[in-house]
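Have a look at the structure below before the remarks.
The values are calculated or read from the model by the stated rules, or taken from the named source; none is laboratory data. What you see is a predicted model, and the numbers here were worked out from it, not measured in a lab. For neighbour counting, all protein chains shown are included, and Cβ atoms are generated from backbone atoms with ideal geometry for every residue, glycine included.
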Amino acid sequence: MRRERTQVAIVGGGPAGLLLGQLLTQAGIDNVILERQSKSAVLRRIRAGVLESHSVDILRASGLRTRMDDLGMPKNGAWIVWQNRPAHFIDIARWTGRQMMAYGQTMLTEDLYAARAAAGSDVLDEAEDVALHGIDGPAPHLTYRRQGQDNRLDCDFVAGCDGFHGPSRPAIPSKLCRVHERSYPFGWLGIMVERPPLPDITYARHAEGFAMASRRTPMLSRYYVQAPISDSPEDWSDDRFWDTLLRRFPPEIAARIETGPSIEKSMAPLRSFVTEPMQYGRLYLAGDAGHIVPPTGAKGLNLAISDVYFLSRGLIAHYAEGTDRLLNGYSAAALRRIWAAQSLSSRLTRLLHVYPDDDAFTSRLVEAEYETLLRSETAQAALAHDYAGLPYLG
Ligand code: FAS
Ligand code: PHB
């Protein structure tokens, strides 16, 4: 058993783990990232596409060199288009004075890997059987197997950034956790296509179901359609996908969508999930390890960034000032933004999707909700503030 030591052991080399590593390294705090997959497998993932302005601020302040300002696209908001009703623009620039950034998670993950390599500390990828030990005491450690070698990593703290299926959350005794969960009777079937995107993110609500248009670059578009949770990507030919998507957009917008062969196709289940608290002993959960939101509000990646912001401040204060007030308050600070994002994501998911058990009364209630949005500047401002994301402090 090879034995090493670090100050903060990070489980998971996705956006949360990588950004935490970046912020700790910048603060001179030694850290090791253990990632189960290969670097190429992590970088093949296609997920989120929108950064809140708060996330952009954190990334800029982190000293991280990203291509965000070259390849990203600042946006004033997003459109909702509703079958046979006027469209609504969620105008975050008008109501919050902020913009959002269309910049893909894949590109951000590439930037984070490059920054870590440039700092001379690679991610330990293909780390198998990562297990957490002694997290309820003062000297936790991890064990893992890598390149045929069994290893032990002693540390002061463990950051569980290992996503929904990782080992960190289950390391917290279930009797000490409150789990809040809701699953949805549908998923998002998504494709990537090498065609020019629509100018703005556009959510479509049709009697048949939801569809959405987004972007990654001026020549790379991302589209989604609501699909039964039992479907798999193999059930959806490109022709079936495009026919469904174009049907769910108003004709004048569908006419502007450039279709083509998909270069990626995947099914994302929708789930709302929060575990409380997000810390136990020397273990701190961040990102999808602690919570999942339906992608309707574009919050998943942004919550991972805000969790990491709060956790890094606590760890930096511990090492720089010897104070643990921020660490002790991590979970409460993170959960305030998490529940605000859960609320927005659930409301938008309800508004924009057709549920299999929707009766006529429910359908009319949902339409009335949209009518209020069209009529009321108060409702428009509230949605814009929620969509833009809670400020980090205060
Ligand atoms: P991640 O899941 O990204 O990363 C966790 C990492 O831990 C992974 O690399 C994993 O391999 C690793 N890991 C797991 N178990 C491990 C173990 N035992 N040992 C070591 N490492 C381990 N959000 C949006 O805002 N918009 C979207 O459109 C959107 N689409 C999504 C589509 C899909 C299919 C999924 C699954 C999520 C989507 N999300 C979206 C949410 C997504 O972007 C997450 O919020 C984001 O990836 C969170 O980052 P992490 O917390 O780092 O978790
Ligand atoms: C995306 O670009 O993938 C995206 C944008 C907005 C969402 C979800 C996903 O709400």
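Restricting attention to the range 20-46 and to residues that are of a type in the set (V, I, T) and within 14 Å of ligand 1 (Cβ to nearest atom), the residue that is surrounded by the most Cβ atoms within 10 Å (Cβ to Cβ) turns out to be I33. Screening the candidates L301, L270 for the property of being within 27 Å of R205 (Cβ to Cβ) and surrounded by fewer than 24 Cβ atoms within 10 Å (Cβ to Cβ) yields one hit, L270. Scanning the range 206-239 for residues that are away from ligand 1 (no atom under 16 Å from the Cβ) and touching a His at 6+ places or on another chain (Cβ under 8 Å) yields a single hit, G209. Considering (1) more than 11 Å from ligand 1 (Cβ to nearest atom); (2) surrounded by 15 or more Cβ atoms within 10 Å (Cβ to Cβ); (3) small (G, A, S), the lone condition that G17 does not fulfil carries the number (1). None of I253, I257 is surrounded by 19 or more Cβ atoms within 10 Å (Cβ to Cβ) and away from ligand 1 (no atom under 16 Å from the Cβ) except I257. Selection of helices (runs of 4 or more DSSP H) fully inside the range 286-384 by the criterion of at least 1 residues being within 27 Å of M107 (Cβ to Cβ) and of a type outside the set (D, E, K, R) returns 300-321, 330-352.
Each row is one residue, and each column tells you yes or no for (1) in a loop (DSSP other than H, G, I, E, B); (2) modelled with pLDDT of 95 or more; (3) under 20 Å from the mean Cα position of the chain (by Cα).
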{"site": "W188", "(1), (2), (3)": "no, yes, yes"}
{"site": "I191", "(1), (2), (3)": "no, yes, yes"}
{"site": "R195", "(1), (2), (3)": "yes, yes, no"}
{"site": "E234", "(1), (2), (3)": "no, yes, no"}
{"site": "E252", "(1), (2), (3)": "no, yes, no"}
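Within the range 143-159, can one find any residue that is within 16 Å of ligand 2 (Cβ to nearest atom), surrounded by 14 or more Cβ atoms within 10 Å (Cβ to Cβ) and within 19 Å of the chain's Cα centre (by Cα)? No: the range 143-159 contains no residue that is within 16 Å of ligand 2 (Cβ to nearest atom), surrounded by 14 or more Cβ atoms within 10 Å (Cβ to Cβ) and within 19 Å of the chain's Cα centre (by Cα). For the range 70-105, residues that are part of a helix (DSSP H, G or I), under 15 Å from G389 (Cα atoms) and away from ligand 1 (no atom under 16 Å from the Cβ) total 4. The residues listed here are G49, G77; of these, the one that is at positive phi, within 16 Å of ligand 2 (Cβ to nearest atom) and buried (at least 20 other Cβ atoms within 10 Å of the Cβ) is G77.
Taking the conditions exactly as written (out of contact with any Leu (no Cβ under 8 Å at 6 or more places or on another chain) and either modelled with pLDDT of 95 or more or not basic (K, R) (or both)), does G28 satisfy them or not? So G28 passes the test.
Of R67, R60, R5, all but one fail to be modelled with pLDDT of 95 or more, more than 16 Å from the chain's Cα centre (by Cα) and either within 11 Å of ligand 1 (Cβ to nearest atom) or not hydrophobic (A, V, I, L, M, F, W, C) (or both); the exception is R5. Considering (1) in a helix (DSSP H, G or I); (2) small (G, A, S); (3) in contact with a helix residue (DSSP H, G or I) (Cβ under 8 Å, 6 or more places away or on another chain), the lone condition that G63 does not fulfil carries the number (1). Among residues of the range 292-338 being in contact with a strand residue (DSSP E or B) (Cβ under 7 Å, 6 or more places away or on another chain) and away from ligand 2 (no atom under 16 Å from the Cβ), the one that is farthest from P391 (Cα to Cα) is L315. Candidates are the residues of the range 219-241 that are under 25 Å from G77 (Cα atoms) and out of contact with any helix residue (DSSP H, G or I) (no Cβ under 9 Å at 6 or more places or on another chain); the one that is surrounded by the fewest Cβ atoms within 10 Å (Cβ to Cβ) is M219. For the structure I just gave you, tell me whether D136 is under 22 Å from V42 (Cα atoms) and of a type in the set (D, E). For D136, the condition - under 22 Å from V42 (Cα atoms) and of a type in the set (D, E) - is not met. M278: closer than 20 Å to F157 by Cβ and touching a residue at least 12 places away in the same chain (Cβ under 8 Å), yes or no? Against the criterion (closer than 20 Å to F157 by Cβ and touching a residue at least 12 places away in the same chain (Cβ under 8 Å)), M278 qualifies. Residues in the range 193-222 that are hydroxyl-bearing (S, T, Y) and farther than 18 Å from V354 by Cβ: S214, T217, S221.
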